[in-house]
Every structure is written in structure tokens, then in C-alpha cells.
1. Roughly how tilted is helix B:111-124, in degrees to the nearest 10 and between 0 and 90, from the longest Cα axis of chain B?
2. Once each part is reduced to its C-alpha centroid, what is the distance from the stretch B:169-196 to the stretch A:61-134 in angstrom?
3. By counting other Cβ atoms within 10 Å of each Cβ, how are A:128, A:295, B:152 ranked from fewest to most?
4. Once you've got the GNM for chain B with C-alpha springs shorter than 10 Å, pick whichever of B:110, B:126, B:187 has the biggest mean-square fluctuation.
5. Just rank A:65, A:181, B:104, A:19, fewest to most, by other beta-carbon atoms within 10 angstrom.
6. Classify chain A as rounded, prolate or oblate, taking a ≥ b ≥ c as the square roots of the eigenvalues of its Cα gyration tensor: rounded when a/c is under 1.5, otherwise prolate if a/b is larger than b/c and oblate if not.
7. Can you give me the distance in nm between label points at residue A:22 and residue A:96, each placed 7 Å from the Cα along the Cα-to-Cβ direction?
8. Using only atoms on other chains, find how many Cβ atoms lie within 10 Å of each Cβ of peptide B:98-106 and report the average.
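What follows is calculated from the coordinates using simple rules that are stated; it is not laboratory data. Owing to the predicted nature of the structure, the values given are computational and were not obtained by experimental measurement. Cβ placement follows ideal geometry from the backbone for every residue including glycine, while neighbour counts extend to all protein chains displayed.
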């Protein structure tokens, strides 16, 4: 107890963790946690199921929305715009302007003379009409615009600004309403999705908390023999990852099942509208996104829980 | 190797576990820390491992001032200090091999090297061939040996033991103490806390006695 010379060298004989052994450890932790999950099959299956259901709800809603949007996009009842020209207008000149503005659309001119003749032949008022000095009917240009409801809306604004156009009529209110509804639905999906993502994170965090409690003794020993925080955290993060992944897979299975159940009644409904329509189900990209979301939420929930609870477990 | 400079430790509630403790243990020395239960032996060991921090004074291990070590540097210190506990602190759901291999796993050692060192440590404590058993299947003395193997498998320069023979009969206790002596012979600095004066009477190593938190001899 006399030698006062410090000997720092003796404490430096640390074992450098190589990248290879680090990767090996990651692999073994990943496999070990997976095995732990499998060992307690039912309880963990239920945990994953909760996550899966929470993920399936907004996704199902989202798929419904996509399909509705698809219907509204492919609706062949495109609005027909009628432009009533003012009395002094030169119909052919206006027609040229309109064709310029509504490029790619079907544009038809019904001159006032044509209109009068049509009316005369179909209404049986020909005698009365011939007695008139002037033709009371305006020339009309009919436009069947291409493009989305928004673009059609803009086109209507432009057309009604033309000098020789008295009035533009179009019946697109219902499409606008549907569109607004779809847009509202999109926000709703985001809000519901965020709420449920929050729920999933908390649920995974809670499951991880229980697991931390169960492995308290092990954590203490690992800390005593020099385990770093990252080392202690690792198995729990993998646990979160597996829960998220399991939840995502169950979510996809449930959605697939739901689609199968919904397909038949939906086809009956669609057939009644005599429309051709194919249900857009889960695509590979959706599955990939769900898996990614599940994994991210899993790791997030786990790291939140680990951050909160691991600090409290210190050897005494 | 281990130096205490006027160290005091007061636990919340006002109990002084250590008051003004100063001593130095040289490299390669083996020292017994004696005293009654509650004299502060465990607290002293905990300060060396940073399981506790002193209220006053400074602790040095290997020339390093532990007050300068932050939370993140604690694992590094603990890898330099092997510890044997009275209650073993073994993981009862892991095999003997896995228990002993834990410090090497943490240090990131390769599988081959780990296997070699674990077998060497187990053979050193006389437990060759028990790698695959669960600790629960072993006797108390054997469990303690597993704990010792785990403490030395990483070849730490410092070895601490807190009542390592607390639950063992005199014959086993003597064997365990002899084992610590062997580690000391190969250059490990050893500090053993024990209240079993009879046992260490015949062993020729410095003894430091704590009483009510003070060094009395």
C-alpha cells in the first residue's frame, strides 16, 4: 500500500470490439430475441395482433379512399359545358378562341340558325317561329372538356371571361362535392393514422417495458461486468423491431382477408352501375410501406421505453 | 493501483458509510478488507466500481481519477475490474459457459477466442467439463467458482471480491482463497472484503480493518 506511482498502462489493455464481432453480435441478438418471442408464442402473437389491427384500420380506410378516388377519376359522365353567345357575336370567331383555350376537348358549334331549325322541327311551333322577325335563340358552343375537376373549374372561369360569351352552364357540382369528400377523407386518414401510430408506439413500448422488468437481473449483471448502454439496449430494440414486423405482416394478412370478403358484394354494387371497375387491393409497394412503418414504429416504441426504464436499473 | 484520498460517503438519510478513508493498494498486491457487517466494506468496493460515487474525496484506479469518469465511461472502468459477489450474481437461465463468456461478449471478442478463454478460465477454477450445465445444477462452491471465472475471464488488472466465502464451509472457503492467491501470483491486484478473520489469519497478506466507516489498522 505504499507504491504511489500511477500505472495507467495497466488499465488500457482493453479488448477492441471489431466490426466483425459487432455484426456477429447483432445477428445473434436478432436471432435470440426472435427465439424468445417464439418461445412465448401466444402472448407475443396477441401483442403483434394488436399492432396489426391498429395498422390495418387506417390502411383499410386508405384503400377505400384510393378506390373511391379512382372511380371519380374514371367517371365517363364528364361535364358538358354550354357557352351561350351574346347576340352580336361572330360564332366562328368565338369557336376558334374556345378551341384554343380548351385544347384537346371536343368543341361543337350550334349556330342560332341550326338551333332554330332543330327547335322548329322538334317542337311543332314552326309556324309561330317563322312569324318572328328575329331568331330568338342564341348560338351555343358545347365543350366536353378533358382533365380533372380542378382543371375543368379553371377552364370554366376562363371561358366565362370571354367577351362574347354571355353565360356558361355546367353541372359539375356533384363532382366537386365528391372531390372535397375524398380530400377530407385523405386528411382523416392522416389524422387517424397518426393517432393509431401513436397507439402502436405506446403499445410496443409497454410490451418492451414488461420485457425489461422480466430481464432485470440480466441487465444488472451485464452492467456490472461492463456492458455499455448500447449493448444493454440492443436486444430490446430488436424485440421492438420484431413486434413491429410481426404486426405489419398480420396487418397485411388481415387486409388481404378483408379484401376477399369485400370483393363479392362490391362487384354486385358496381355491376348495378354497369361500370367496369377493378378493386385496387394491396400492392407490393403498400406491403413494403407497411412493413417499413411497422419496423420504424417498433424500434421507436422500444427505444422510448428503453430510454425511460433502463436508466432506473443500476446495480446497487 | 487503487488509491483513496480522504474519501467519505454519506447515504441519503445521513448515515456515514465511510469517513475520511485514505489508503493505497499497489499493483500486484493482495489485500484483505475486514470489519463487521456495516463497517463500510461493501461501500468501499462499490466506490471502486462506480456503483456509488463518494460524497467527498477522490478515488483513483490505475492512476485514473474516477470523479472524471462520466456515465458513459463507467462500462470501460468495469471491464478493468473483475468482481466476485457473495451471491454470485449468475444468470440462472444461462449455461455456465454463457455466464462466463458474458464479459467477452460485451467486449466484442470473436467466438473462437471466447471459447478458448472461457475454457481456460473454467479449467483454472476447476470446473472443466461443466460448460453446458445450468448454474442451478451446481453446488454453492461451484457457483462461486463460476462467478470467479467470469470475473477473471477478461483478464482484468484488478479483482474485487465481496464476501466471496460468505456461504461456504471452511474447506471450500480455503480453496477459494487459494484461488485468489493464484490470480495474485500472476500479477492481478486483488482486494477481498471478508468478515471471516479466522480464515485469513493464516494467509500472509496485508489486512486493512474498517470500523464504523474508518480505517483502524
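1. Approximately 70 degrees, to the nearest ten.
2. Using only Cα atoms to place each centre, the spacing works out to 104 Å.
3. Numbers: A:128 10, A:295 18, B:152 25.
The fewest-first ordering by Cβ neighbours comes to A:128, A:295, B:152.
4. In this elastic network of chain B, the residue with the biggest mean-square fluctuation among B:110, B:126, B:187 is B:110.
5. Numbers: A:65 18, A:181 14, B:104 24, A:19 8.
The order, fewest Cβ neighbours first, is A:19, A:181, A:65, B:104.
6. On the way: a/c = 5.14, a/b = 3.15, b/c = 1.63.
Judged from the Cα gyration tensor, chain A comes out prolate (a/c at least 1.5, a/b above b/c).
7. Computed distance between label sites residue A:22 and residue A:96 equals 7.4 nm.
8. Working: counts 0, 2, 0, 0, 7, 7, 3, 9, 11.
Averaged over the peptide's residues, the number is 4.
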